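Nothing in this text is a laboratory measurement; each read-out follows from the coordinates by a stated rule. Predicted, not measured: the structure shown is a model, and the values here were computed from it. Methodologically, a virtual Cβ is constructed for each residue, glycine included, from the backbone with ideal geometry; neighbour enumeration extends over all protein chains shown.
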Amino acid sequence: MDGSNQVDKIRFESYDYDPLFPGDEYPDYLGAVYINEAQYFADVPVSAWEFYIGGYQPAQKWLKDRRGRILSFEDILHYQRIIVALTETIRLMQEVDKISIE
């Protein structure tokens, strides 16, 4: 993809979904995390983007801390790993919540 890899205006845009999702549980919707007007990370779960650890949202803070910088290839891979780690953390937390102690 062409672009500067510079982190400028950060925003999350959820993909368009049918608002009338059948069933009781809603899926973890996906979206794009834009780092500038032309470049984005695709298929980021809303839950990972909004996830808090302490008082921080790591998926957002990592990018905000790099505003004005140009992301290297290693930076891009690192951010993708952050999203995977947050997604897996959320999945494991949901599994733990299912455990009942009798």
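In order along the stretch 37-53, the Karplus-derived 3J(HN,Hα) couplings, from 6.51 cos²θ - 1.76 cosθ + 1.60 at θ = phi - 60°, round to 5, 10, 10, 7, 9, 8, 6, 8, x, 4, 4, 6, 5, 9, 5, 9, 10 Hz, and Gly and Pro are given as x.
Once the Cα atoms are used to define both axes, helix 73-98 deviates from the longest principal axis of the chain by about 10 degrees.
Net length available on complete extension from LYS98 to GLN60 is 10.9 nm, with 0.36 nm assigned per residue and the Cα-Cα distance removed. The aspartates and glutamates whose alpha-carbon is closer than 16 Å to the alpha-carbon of LYS64, local same-chain residues fewer than 8 away aside, are ASP8, GLU37, GLU50, ASP75. With the Kirkwood sum run over all distinct C-alpha pairs, the chain has a hydrodynamic radius of 15.1 Å. FRET efficiency for the ASN36 to ALA85 pair, using the beta carbon distance and R₀ = 22 Å, is estimated at 0.35.
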